[in-house]
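Okay, so here's the structure we're looking at.
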């Protein structure tokens, strides 16, 4: 193609509306600039649409240059340029209204709605240009109706998903980040990560990536575990023997799951008697958590706490009554009572405050008290709770922490086998001054008040020796507690009087 033909095309275009094109280009650029400078931070990327339309405006020139002999080429090129500029202008105006203005006073408009409106602006620009070109309205809409019918029949499933996506955005049954159950199968639960024109994408608890057509979601009953509140309820079922009172079991379970991983204090957990089974009484434990993505861990750790708590109270979870054993394996030999007592005596003898006791007295304490097992992460005692027992660590390890008021929790010490704690509550009945939590599965010997009451009743002189040992122990930890405990008030009764009062001597 020679330069004379190209010059003829350009001169024809210039004479057919160069002033209008220049004016429309200027207005389109101004509208685009207004959006770029007024858009909220993070939303300016939307300007790529109207900017691309401006950049595509010279494209009709290239088409006219390729077909210079076409009689309607220059006029069609002029209309094409004006179409791109008008579409860019309408999109910029739409973005200013729907983003720069609307999003400053309300929540951001869903992207699918914004995409639909942007397509409508392009369609409006096309209709306006066609009318200007002399295309009659009845011909335009008759032809478009036929085309729409053909496309609608061919793309009915796709269009159904698109309209379902619009309905999802309009009704807000869920949003990105929500956990939903997307059909009637309980295992089909996932976190919403994307909602687009055709489908909604979720990631399940098994880390599987699932794409669900919007049309399927529109017809399903959706369970949203994140709305209207961020927490959701979990249910655990526990069976206990008939010979243990329900209120006792409920109290043990509630105390056991308090502070367990993911279990919220508000809303509070609850336990109800749910059913009477062949094995025993079934209890329904209802707890609330915001860790829905870790719900298996929340349930599992709560069950661990319940098992340990019931075991410490001597409550055995009953097995199925129809259980049949085909083989009988010899049970591991139980530890002889004498060996257990000797082992406990050896641990008690290493406690400084108990060195005033003789061998018979230590053996008496060892035989009258029992060992209890605590799970890792389970609190043995809590600061401020009442108490009347001493704990000796037989195996495992525990952590001692204190907290006063709104100050952060302070870690005081880590105790290992041979260490002990709780002596002040045992001897004086004062509330627990610290929280002690098992770091690993730990076996502790709990020495109760009644054992000491009988010892002191038989030998009142023990008060003096125990009191002096307790004073030494208390002075030794004053330095560690100084940052979190207030000093003793003036005139507070001495420790000997507190022991006598507690044991009613």
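The values are calculated or read from the model by the stated rules, or taken from the named source; none is laboratory data. As the structure is a computational prediction, the values presented were derived from the model and not from experiment. Neighbour counts are summed over all protein chains in view; Cβ atoms, including those assigned to glycine, are modelled from backbone coordinates with ideal geometry.
Quick one: how many residues across the range 403-414 are crowded, with 17+ Cβ neighbours inside 10 Å and within 21 Å of residue 446 (Cα to Cα)?
The initial filter retains those residues of the range 403-414 that are crowded, with 17+ Cβ neighbours inside 10 Å, namely 412.
If we keep only those that are within 21 Å of residue 446 (Cα to Cα) as well, we get none.
Looking only at that region, the number is 0.
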Among (1) surrounded by 18 or more Cβ atoms within 10 Å (Cβ to Cβ); (2) more than 22 Å from residue 451 (Cβ to Cβ), the one test that residue 377 misses: (1)
Test: residue in the range 48-65 that is out of contact with any helix residue (DSSP H, G or I) (no Cβ under 9 Å at 6 or more places or on another chain), at pLDDT 80 or above and part of a helix (DSSP H, G or I): yes
Of the conditions (1) touching a residue at least 12 places away in the same chain (Cβ under 8 Å); (2) over 25 Å from residue 316 (Cα atoms), residue 448 satisfies every one except a single condition; which number is it? (2)
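Can you confirm whether residue 155 is over 29 Å from residue 38 (Cα atoms), surrounded by 11 or more Cβ atoms within 10 Å (Cβ to Cβ), at pLDDT below 65 and under 41 Å from the mean Cα position of the chain (by Cα)? Walk me through how you get there before you give the answer.
Numbers: over 29 Å from residue 38 (Cα atoms): yes; surrounded by 11 or more Cβ atoms within 10 Å (Cβ to Cβ): yes; at pLDDT below 65: yes; under 41 Å from the mean Cα position of the chain (by Cα): yes.
Here the answer is yes, as residue 155 does meet what is asked.
Can you find a residue that is under 23 Å from residue 40 (Cβ atoms), surrounded by 12 or more Cβ atoms within 10 Å (Cβ to Cβ), outside the structural domain of residue 200 (by TED's automatic domain parsing) and at pLDDT 80 or above anywhere in the range 128-142?
First pass over the range 128-142, keeping only residues under 23 Å from residue 40 (Cβ atoms): none.
No, the range 128-142 has no match at all.
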I'd like the full set of residues that are farther than 23 Å from residue 295 by Cα and assigned to a loop (DSSP other than H, G, I, E, B), limited to the range 187-227. 196, 197, 198, 220
Being exposed (fewer than 15 other Cβ atoms within 10 Å of the Cβ), out of contact with any strand residue (DSSP E or B) (no Cβ under 9 Å at 6 or more places or on another chain), under 18 Å from residue 286 (Cβ atoms) and modelled with pLDDT under 95 is the requirement here; does residue 230 meet it? yes
Single match in 209, 237 (criterion: at negative phi, assigned by TED's automatic domain parsing to the domain that holds residue 308, touching a strand residue (DSSP E or B) at 6+ places or on another chain (Cβ under 9 Å) and surrounded by fewer than 18 Cβ atoms within 10 Å (Cβ to Cβ)): 237
